[in-house]
Structure formats: structure tokens, C-alpha cells
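This report refers to the structure that appears directly beneath it.
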Amino acid sequence: MKPSLPKGTRDFGPQQMLRRNYLFGILRGAFERYGFQPLETPAMENLSTLTGKYGEEGDKLLFKILNNGDYLAKADQSALQALDSRKLTPSISKRGLRYDLTVPFARYVVMHRHELAFPFKRYQIQAVWRADRPQRGRYQEFYQCDADVVGSDSLMYEAELAGLYDYVFDQIGLPVQIRINNRKLLYGLAEVCGITDRFTEMTVAIDKLDKTGPEGVQKEMEQRGIPAEAAAKVLSSIAPVENSDTEAQLANWKQLLSQSETGLKGLAELEEVFDYAGRTQMSNELIFDPTLARGLSYYTGCIFEVNAIDANMGSLGGGGRYDDLTGLFGLKDVSGVGISFGAERIYDLMEEKGLFPKNLPGQLQLFLIALDEESHKHAFELLQHLRHSGVASDLYPEPAKLKKQMKYANALKVPKVLIIGSEEMKTGMYALKDMSSGEQRKCGIIDVLMELFSKKEG
RNA sequence: GUGGGUAUAGCUCAGCUGGUUAGAGCACCAGAUUGUGGUUCUGGGGGUCGUCGGUUCAAAUCCGAUUACCCACCCCA
């Protein structure tokens, strides 16, 4: 049998994993520093938890798990006869793979509402699965990295999440632009233009601005049943005003939305977020962007998106506030706000820009090579000392030919090799070789340790 | 869900309108070099040409079906 991989899935080899772990480590550290607590939920959920949460499209993309045992005996016989897959599904599958991290999180919050201290802040880094057709940068199994707060409508959290984005991308060494808008402001715009019945259509169209340009958006809105004049008004309103700062832009919008209560509320929220954010030190820019819409989503307040400054890649993360996340599970009026990091894209960009450090945590640091039986035993003892001193190290399983062992060390990409023969064993002065420069010198075990630890810090 | 592409060595791919024994680069193994990898040179191993069927004296090559993967759109991360 020929080994193969299901479509849209990937193996992550050792070199890739070291890099992924480095990135996830930065995220984990940042989440924890900002007071978010870790959470993991099962790979599979009851189908009843998942269906109906992602729209009709989403339901089609759910991976369903076939029931165990004689599932056909318990199947809906009439649906089976009629070859009606949709009707048959609930009777042969009661579980599915998680589609995102937000819905399982909402389920968790509702189930544990009496034990949790609100506001509850959690982060979650786990794989999710979607039965989408794969394409470039899109997989059926991929990781999401989310941080959410539920149980408070304080706008402090919006500013905090912007700060979290800033902190993470600063640590990674990737300059970004953090954009913020408010769905209420967009709703106000729809009110002013008289198209509240086409609000979702409007946001979906606006979302495509950077892809299709103003003409494309105009066309899209008209196709979706928005009158041409109203569409033109929407476009002129969100068009960038040259040489104007955030303050001036917000003032401008205040005038535009003076007849819309919702719109003004959105503006006031944005002002408050900027007030909080202004009291923090940020390395990246937080800018108001009225063209940010975030499509069909369930967001109801502030929304975010992050883009790399000098790379034309899609967004590296996004998020926002949703007023009634847990309502679907019967817990009303719990406001939440959260963000997500597009780890796969961030990874690709880091690779492209060479942002991964050369010495990654977890990488083997030293490889021991022994040349005869006696020195092999000696090396084995030495190895235990090195490991207990905190050096990630290894030894070839037998005193094979030096060439063979060197070749192995090279394949492992280990930065340094320690060669031990009878002479070295007697004197305690080992041959320490740097694999990239090829330089080699004799040194005692203390020197070896000093060399490795000084390297680690630098 | 709609449309397109590809399938030949472990990997990336050549192989013209059908015609001897199916090739290259990388990788692998051995030697040049009995205490030095990565670089260089020499040699070597490795393929039912995705699967099934059809056309033909003859199919990796033409035709059909099928399976798998990839790419684009929709949507999304």
C-alpha cells in the first residue's frame, strides 16, 4: 500500500515544528501576560452544538463523524430509501469535528457559567477542521489562536486586545497596521443611506474594497439590490480623506451620522477605545478605518483587522465584539470581544522575511561522537551530566566510523559536536567542533558548558 | 457547490506528431580520504509510467472511465 495524506492536510516535520512551537510560544506567552487563561476543548463536539451556527454554507463544511456500530440499522429508513443525504445525516452521525474555537468556547462558558468568574478571559490554540476545497494557504485542518473576553462590555478590552496584537507582532519582529472600525458606525451609514434592509449586503461588498476597488464594490452593491445613488453615497462616505488624522476623521463622521443614534453610539465607542489606547505605548499604529467591515460576521461593535505593512498578504488576524454569543445556548446578554491570529499566514510571512531565530528553543545543541568502546561508555556518562545541566544533547548509539557519525550529526543540523577518543578521554580535553564554521578546539567540560550557555543567551 | 490542471525513481520534473534497454537534477549507498560532516571527483542501487478498459503489429505517449492531489471562484483563516 502506498502511503498518502488526505487532501488539505499536512505533516509538520521536526524543523517545521521547532518553528511552529516558537511562534505558538510567543502567542502563549503574550496571552498569559495579558491575563488570558488557557482552555482546550475536544476535537469533536455534538453535531447539535455545531449545526446552525455558521450559516447554511458552514453546515455543509462541517466534518461529520459516522456513528459507531451498526449505524445503518438505526438510520432513518425513509431517508435511506430516498437517497436523501441531508435528511439521513442526523440519524447516522451525532458528532462532528470542531469548525472554529468560538462556538466550543461559547458552549463551555454556558456549561460552566456558575463556576466561572466574569469577566472570563480565555485563550485557545487548537486545530479546527473544515471540509472546504483546499487551495493555496487554505487547508482542511489548520490551527486557530484565539483570545476572548466574555461578560463585560467595557471598552477597555478593545484597547487591550489592540495592545495584545501590538505586543505579539512586536515580539515577532513584524511591523503591522492594526485597523479598527465599528459595526454600529456602518449600520449608521446604512441608515443615513436608507438601506438598513441591505445592511449585510453592504458590509459584504465593502469588505471587498481592497480586492476589487471602488468600481467593484459599487457593482457588487447594485447586484445585491442596493440602489445606485445609495451605493455611491456609501462609497463616497468611506473614501479616505487625505491628510486627516483620526480625530478629524471621527469629527467628520459625527456630522455625517448626526441623524443616526446607532451610528453616533459607534463613534462614541471608537473614541473611548482611542482614549484608552492613547494611554498605552504601542510600537505599531492603531488606525481608524471606515472601510473595514468583516463581511457576514456576527460582530456588533468594534471590529479589528491586522495587516503586515510591507507585504501583500491577506489579514494576519481579526476580531471584534459580539453582543450575544452565548444566547444560542440559552445564556442571554453576555457580551464578548475577541481576536484571532492567523498563525499559518504569520508563519509563512516569518519564513519569507527570515524572522525565525537561528537557535530555536528545543533544537539539539550538542552531539557526542565516540571512537571506541571505552570512550563510548565514557561519552554515555558525560551525556547524562550534560542533559542534567540543561543541555539538549545526544550520542551516536555505537562507536561507528567518525565519518558516519559526522554525517548523522550534520543531518540533525546540530550546531556543535564533541568528539571523544581514547586520548580525549584520558586528558578530559575534548574536541569541540562548530559545524557551521568547521572550527575545532580542545576544551574541558566546563568550557563546553560555558560555550553552550553563552551561545544560548546571545 | 462551479470551473481548470496534474499524476513517470524517495523528491522536483523531462520524455516531440505512438516505435529498441524510460531519462536528468536533488536525495540515498560506496570509494577517493583507516580521527572529520557540509563542498569536489568517481562508481552504484532504485520505476508494474496512479488504476481499469479501449484503439493498434506496437501505448508512458492516442481515446474513455475512475481515483487521488493541486489551483482558481464562492466562502473563509
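Things to note:
- Scan of the range A:323-363 for residues that are within 12 Å of RNA strand B (Cβ to nearest atom) and aromatic (Phe, Trp, Tyr), ordered by number: A:341, A:347
- Search result, residues across the range A:254-268 that are in contact (Cβ under 8 Å) with a residue 24 or more places away in the chain and either within 20 Å of residue A:293 (Cβ to Cβ) or of a type in the set (Phe, Trp, Tyr) (or both): A:256, A:257, A:260, A:262, A:263, A:264, A:265, A:266, A:267
- Checking A:195, A:180 one by one, the residue that is under 26 Å from the mean Cα position of the chain (by Cα) and either crowded, with 19+ Cβ neighbours inside 10 Å or free of Cβ contacts under 8 Å to residues at least 12 places away in the same chain (or both) is A:180 and no other.
- The set of residues from the range A:119-144 being more than 6 Å from RNA strand B (Cβ to nearest atom), out of contact with any helix residue (DSSP H, G or I) (no Cβ under 9 Å at 6 or more places or on another chain) and part of a loop (DSSP other than H, G, I, E, B) comprises just one member, A:140.
- Those residues of the range A:204-215 which are modelled with pLDDT of 85 or more and either farther than 9 Å from residue A:291 by Cβ or among the basic types (Lys, Arg) (or both), in sequence order: A:204, A:205, A:208, A:214, A:215
- Restricting attention to the range A:114-151 and to residues that are surrounded by 14 or more Cβ atoms within 10 Å (Cβ to Cβ) and among the polar types (S, T, N, Q), the residue that is nearest to residue A:5 (Cα to Cα) turns out to be A:140.
- Of all residue pairs spaced 6 or more apart or on separate chains, those with beta-carbon atoms under 8 Å, a first member in the range A:114-129 that is more than 22 Å from residue A:96 (Cα to Cα) and a second member that is among the polar types (S, T, N, Q) and not in a strand (DSSP E or B) are A:118/A:152; A:119/A:152; A:119/A:154.
- Condition check for residue A:251: farther than 12 Å from residue A:290 by Cβ, more than 16 Å from RNA strand B (Cβ to nearest atom) and surrounded by fewer than 15 Cβ atoms within 10 Å (Cβ to Cβ): yes
- Conditions (1) surrounded by 13 or more Cβ atoms within 10 Å (Cβ to Cβ); (2) within 16 Å of RNA strand B (Cβ to nearest atom); (3) under 30 Å from residue A:173 (Cα atoms): number failed by residue A:270: (2)
- Some residue of the range A:1-20 being crowded, with 18+ Cβ neighbours inside 10 Å, charged (D, E, K, R) and in contact with a Leu (Cβ under 8 Å, 6 or more places away or on another chain): yes
- When the range A:288-314 is filtered for residues that are surrounded by fewer than 21 Cβ atoms within 10 Å (Cβ to Cβ) and within 20 Å of residue A:336 (Cβ to Cβ), the ones remaining, listed by number, are A:295, A:296, A:297, A:298, A:300.
- Of the helices (runs of 4 or more DSSP H) entirely within the range A:349-458, those holding at least 2 residues that are closer than 30 Å to residue A:21 by Cα occupy A:373-388, A:402-411, A:445-457.
- Scanning the range A:52-102 for residues that are in a helix (DSSP H, G or I), within 16 Å of RNA strand B (Cβ to nearest atom), hydroxyl-bearing (Ser, Thr, Tyr) and open to solvent by 30 Å² or more (accessible area, probe 1.4 Å) yields a count of 2.
- Qualifying residue in the range A:165-175 (condition: of a type in the set (Gly, Ala, Ser), closer than 30 Å to residue A:287 by Cβ and open to solvent by less than 60 Å² (accessible area, probe 1.4 Å)): yes
- Which numbered condition residue A:285 misses (of (1) of a type outside the set (Phe, Trp, Tyr); (2) out of contact with any Ser or Thr (no Cβ under 8 Å at 6 or more places or on another chain); (3) surrounded by fewer than 20 Cβ atoms within 10 Å (Cβ to Cβ); (4) closer than 30 Å to residue A:46 by Cβ): (4)
- Identity of the residue in the range A:71-107, in contact with a strand residue (DSSP E or B) (Cβ under 8 Å, 6 or more places away or on another chain) and of a type in the set (Ser, Thr, Tyr), that ends up nearest to residue A:51 (Cα to Cα): A:99
- Residue match in the range A:349-366 (condition: open to solvent by less than 10 Å² (accessible area, probe 1.4 Å) and touching a Ser or Thr at 6+ places or on another chain (Cβ under 8 Å)): yes
- Looking only at the range A:391-435, and only at residues there that are under 34 Å from the mean Cα position of the chain (by Cα) and free of Cβ contacts under 8 Å to residues at least 40 places away in the same chain, the one that is least open to solvent (accessible area, probe 1.4 Å): A:393
- Residue in the range A:345-352 that is under 23 Å from residue A:157 (Cβ atoms) and at pLDDT 90 or above present: yes
- Picking from residues in the range A:326-348 that are under 30 Å from residue A:11 (Cα atoms), in a helix (DSSP H, G or I) and out of contact with any Phe, Trp or Tyr (no Cβ under 6 Å at 6 or more places or on another chain), the one that is least open to solvent (accessible area, probe 1.4 Å) is A:346.
- Sole exception among (1) open to solvent by 10 Å² or more (accessible area, probe 1.4 Å); (2) part of a loop (DSSP other than H, G, I, E, B) for residue A:265, by number: (2)
The values are calculated or read from the model by the stated rules, or taken from the named source; none is laboratory data. Since the structure is predicted, the reported quantities are computational estimates derived from the model, not experimental observations. Note: ideal-geometry Cβ built from the backbone for every residue, glycine included; neighbour counts use all protein chains shown. Accessible surface areas use protein heavy atoms only, side chains included; no ligands, DNA or RNA. Shrake-Rupley method; radii C 1.70, N 1.55, O 1.52, S 1.80 Å.
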